[in-house]
Amino acid sequence: MRLLLISPTHYLRDGSLLKTTQYWTSGLTLPTLKALTPAGWEVRLLEELLEPGEIDWPADVVGITAMGPQIVRAYELADLYRARGSKVVLGGAWVSLAPAEASLAHADAIVTGEAEAVWRECLEDLAAGRSKGVYRAERWVEPDEIPSVDLHDLQIVDWSRFRRSPFYRSYFHWPLIFSRGCPLPCSYCAVQTFYKRSYRTRSVERVLDDVRRIKAIGGRNLLFLDDNPIGDPEAAKELFRALLPEGIRWTSQCTIEIARDPELLDLAARSGCVSLSIGLESIDAYVLKRIRKGFNRPDRYAEDLRALRARGIQVIALVMLGLDGQDAGVFDRTVSFLRANKVSLVKFFTPAPYPGTDFHERMVASGRLKDQDWSHYDYGSLLVEPTGMSPDQLRDGFDEAYRRFYSLGSIANRMLPPPPRNWGRHAGYVVANLKSHLFLRRNPVAWGTIS
């Protein structure tokens, strides 16, 4: 039996598919599914961001995973491969949280929840010409049931460049995971909705095994793909202590709370942490309370950001614009705050009410959901009717906030002088700022593709 596993790209507003020739990391979903596939299957992996999604290969079963705006392209590919005679199974967070009927209209089967518990059964049924339709994982897998992947199954690695180019070796970050889930209650977040606020960590020994396998092929820059690797602070400290002698550099995303535990922050920095994506979301406490993120405590942001910078940790701030409680003054105030506190990079978001979340339910109930085209559920589309400003003010203010943050004056203000540690990494972030500046000059409203 032949199995084709696809990670689709997504459509841009001009109707073209987002494509690139390189990317700085790789996902783990397809290699993990391959590792879970029983012996006897011939498996092929396809990353549509880099290569065509429609290939002439006689797959008996096609598995497609998708999240966010990828779902529309996933449905297209599912329809195409079914028309060719393949059985199709869809999965991923979006498929799990959206009504099952939406995905079953395009697939022979869907997987909801974690695939480890049901993947073998699903493949066996499809191979035998039968299907239950919905293969729902009724339990969370034990953390050490999560298989380690074959690093050569990572589709985005350019192996020839990795071998010959020190710049590419610094650019590419090898993915691995320590935990799954997040215990926090943020109402807009698909992660806590999918995992029902559960949180589990893998054993430190298993993580170290992954680290050492990456080091064995020459990798030193790692990306923990966790949604919140400090969700259990004591477990995180145990991991960071174990990483101290490994000589790696790593990045991840986590909450601002890492800066409020001096021991945790010091261990993270000493173990090799060089950058973190942190969801600040808003600089106003009353706005955060409305989305159940009051624990962020923005009155402490300045102190927290200083602590991170003092340890040479670059901060990529994630900030939402257009939330309830924000008016048209939010754009100037937010950019001024980020500049004053020397935030390295920012990703702005408009509110995106993902299916299944409490935020989505509230927007539907209030009649404020403006757009139900799932291909638009990206970083910057106007999906929700704002309350404190007009849609035009939100659109114009959002775009202008990006331009102001990545202006040359702002870059100089934020990035100079450099932090006391990790100067080489800091130089890389200066380059990333300049590239974002040039990108926005060429594409003034192309915010949805900044990554």
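Remarks
- Helix-only mean residue ellipticity at 222 nm for the chain, each DSSP H run of n ≥ 4 adding -39500 (n - 2.57), per residue, nearest 500: -11000 deg cm²/dmol
- Ordered by the number of other Cβ atoms lying within 10 Å of each residue's own Cβ, fewest first, His376, His152 fall into the sequence His152, His376.
- Based on Cα contacts under 8 Å between residues 6+ apart, the chain shows a relative contact order of 12 percent.
- The GluC sites (Glu not before Pro) found in the stretch 12-62 that occupy coil by DSSP, while having at most 15 further C-beta atoms within 10 Å, are Glu54.
- Beta bridges by DSSP in the stretch 2-136, antiparallel share as percent, to the nearest 5: 5
- P(r) weight above 27 Å for the chain, C-alpha pairs, percent: 55
- Put the Cα centre of the stretch 132-207 next to the Cα centre of the stretch 226-284 and the gap is 16 Å.
- Dimensions of the stretch 300-386 based on its C-alpha atoms, expressed as ranges along the principal axes with the largest first, amount to 45, 24, 20 Å.
- Rounded to 5, percent antiparallel among DSSP beta bridges of the chain: 10
- Ranked from largest, the principal axis spans of the Cα set of the stretch 2-136 equal 40, 31, 28 Å.
- Across the options Val346, Ala39, Pro417, the greatest Cα extent toward the positive end of the charge dipole of the chain (unit charges at beta carbon of Lys, Arg, Asp, Glu) belongs to Pro417.
- Exposure proxy ranking for Ile214, Ile71, based on other Cβ atoms within 10 angstrom of each Cβ and starting from the fewest, stands as Ile214, Ile71.
- Think of it this way: in the chain, Cys122, Cys182, Cys254, Cys273 stand alone, with no other Cys Cβ under 4.7 Å.
- Cα shape, the stretch 72-116, gyration tensor, a/c 1.5 rule: prolate
- For the stretch 125-196, fraction of C-alpha pairs farther apart than 14 Å, in %: 76
- Residue (of Ile177, Ala235, Ala269) at the positive-pole extreme of the stretch 173-449, dipole from beta-carbon charges: Ala269
- Cβ-placed point charges (K, R +1; D, E -1), dipole of the stretch 2-136 about Cα centre in debye, nearest 20: 80
- Estimated dipole of the chain in Debye, rounded to 20 [Cβ of Lys and Arg +1, of Asp and Glu -1, Cα centre]: 1580
- Pairs of Lys residues in the stretch 173-449 that lie 8 or more places apart, or on two chains, and have C-alpha atoms under 29 angstrom apart add up to 19.
- Counting every other Cβ atom within 10 Å of each residue's Cβ, His10, His437, His426 order from fewest to most as His437, His426, His10.
- Rounded to two decimals, the Cα radius of gyration of the stretch 301-451 over 2.2 N^0.38 Å is 1.12.
Bear in mind these aren't lab numbers, they're just calculated from the coordinates by the rules spelled out. Please read all numbers here as calculations on a predicted model, not as lab measurements. For neighbour counting, all protein chains shown are included, and Cβ atoms are generated from backbone atoms with ideal geometry for every residue, glycine included.
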